[in-house]
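The values are calculated or read from the model by the stated rules, or taken from the named source; none is laboratory data. Being a predicted model, the structure only gives us computed values, none of them experimental. Methodologically, a virtual Cβ is constructed for each residue, glycine included, from the backbone with ideal geometry; neighbour enumeration extends over all protein chains shown. Side chains are part of the model used for accessible areas, which takes the heavy atoms of the whole protein and leaves out ligands, DNA and RNA. Shrake-Rupley method; radii C 1.70, N 1.55, O 1.52, S 1.80 Å.
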Amino acid sequence: MMGSVEEIVQNVVVRATDVRKNYGSVSVLKGVSLEIARGEVVVIVGPSGSGKTTFIRCINQLETINSGSISVNGKRIGFREVGGKSVPDSEKNVALQRRDIGMVFQQFNLFPHMTVLGNITEAPIHVRGLSKKEAEERALELLTRVGLRNKAKAYPGQLSGGQQQRVAIARALAMRPAIMLFDEPTSALDPEMVGEVLDVMKTLAREGMTMAIVTHEMTFAKDVADRIVMMDAGQVVEVAKADDFFSNPQHARTKAFLANFRGI
């Protein structure tokens with residue numbers, strides 16, 4: 001049975017409506033609309049240059065959209081209404097909104113001068129206001145989850161790429177985000193390190209973490225996704241449940257894209 005409007009709104013973590021983004025005269029996002037429900041894993045695929053990364057960077061306000069709207073947990077992000085007009089929000093408010101959004105990048109972006117523990121506790125202490133003790137307890141729990149508790153006192157330069165990316169995931173989780181965004185989290189890794197990062201992400205999916213993942217790892221996408229979004233040329237061309245996406249793609253562009261991947 002369909003729930004009330006309030007229940008439906010509460011279950012939508014991200015709502016993007018007609019999102020458009022230009023870089024000068026180049027239109028990168030051409031009216032992207034998408035909803036991501038609480039506990040849902042949405043994988044975004046498509047050829048290079050299709051707008052996938054730009055879209056999730058817009059969710060996290062690392063890019064400012066030109067028109068349309070994006071809300072997280074029912075609150076519009078990046079803009080506010082003033083006198084009936086939509087104007088860019090303050091940096092302070094954007095930073096507050098960003099606390100609810102975890103993001104893991106292609107590059108690990110860890111602070112090289114801080115230990116693993118320091119990297120993970122920095123934001124919870126200074127942004128969330130946790131005590132050092134609380135933040136460290138949470139960090140150690142997360143390091144256990146990603147299989148790196150014994151690396152708490154190590155520095156990033158002492159870790160492999162796969163280990164650094166797992167620390168980056170733990171750092172994002174330490175803020176207790178409403179959604180985790182992943183931008184090609186394995187693309188900078190040596191092939192033998194890819195699996196250890198994907199395993200952590202699979203565990204998060206099983207635990208019900210809301211996630212939007214940009215990836216070229218098609219087997220992984222089939223394993224973890226509730227829905228798969230196919231983007232091309234700045235637009236969403238197909239959205240389907242994972243099994244349907246691979247077994248019965250509807251759009252010609254999706255069929256052509258999947259033809260490049262064998263054994264899926």
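List of remarks:
- Taken over the chain, the percentage of Cα pairs per 10 Å bin, counting from 0 up to the bin with the maximum distance, is 7, 28, 35, 23, 7, 0.
- MRE, 222 nm, helices only [DSSP H, n ≥ 4, -39500 (n - 2.57), over the chain, to nearest 500]: -10500 deg cm²/dmol
- Under 15 Å, Cβ to Cβ, from VAL127 - net charge with Lys/Arg +1 and Asp/Glu -1: +4
- Residue-span extension gain [HIS126 to LYS202] - 0.36 nm each, minus C-alpha spacing: 24.4 nm
- Sulfur and carbon atoms: percent of accessible area, the chain [1.4 Å]: 49 percent
- Simple Cβ-charge dipole of the stretch 85-132, Lys/Arg +1 and Asp/Glu -1, about Cα centre, in debye nearest 20: 120 debye
- Computed accessible area, THR203, all protein chains, 1.4 angstrom probe, square angstrom: 50 Å²
- Using only side-chain charges placed at the Cβ, +1 for Lys and Arg and -1 for Asp and Glu, the dipole size of the chain relative to its Cα centre rounds to 480 debye.
- Projecting the Cα positions of ALA242, PRO156, LEU181 onto the charge dipole of the stretch 106-264 (unit charges on Cβ atoms of Lys, Arg, Asp and Glu, taken about the Cα centre) puts PRO156 furthest along the positive direction.
- Based on protein heavy atoms only, the chain ends up with 49 Å² per residue of surface accessible to a 1.4 Å probe.
- ASN109-ASP18 FRET efficiency (beta carbon distance; Förster radius 25 Å; 0.05 resolution): 0.25
- Membrane-span-like helices in the chain (whole DSSP H runs, Cα extent of at least 15 Å along the helix axis, mean Kyte-Doolittle hydropathy of at least -1.0): 116-126, 161-173, 191-206.
- Note on GLN250 and GLU141: the model spin-label points, each 7 Å out from Cα along the C-beta direction, lie 4.1 nm apart.
- Solvent-accessible area of TYR155 with every protein chain in place, 1.4 Å probe, in Å² to the nearest 10: 100 Å²
- Estimated from the Cβ-Cβ distance and a Förster radius of 25 angstrom, the FRET efficiency linking ASP190 and HIS216 is about 0.95.
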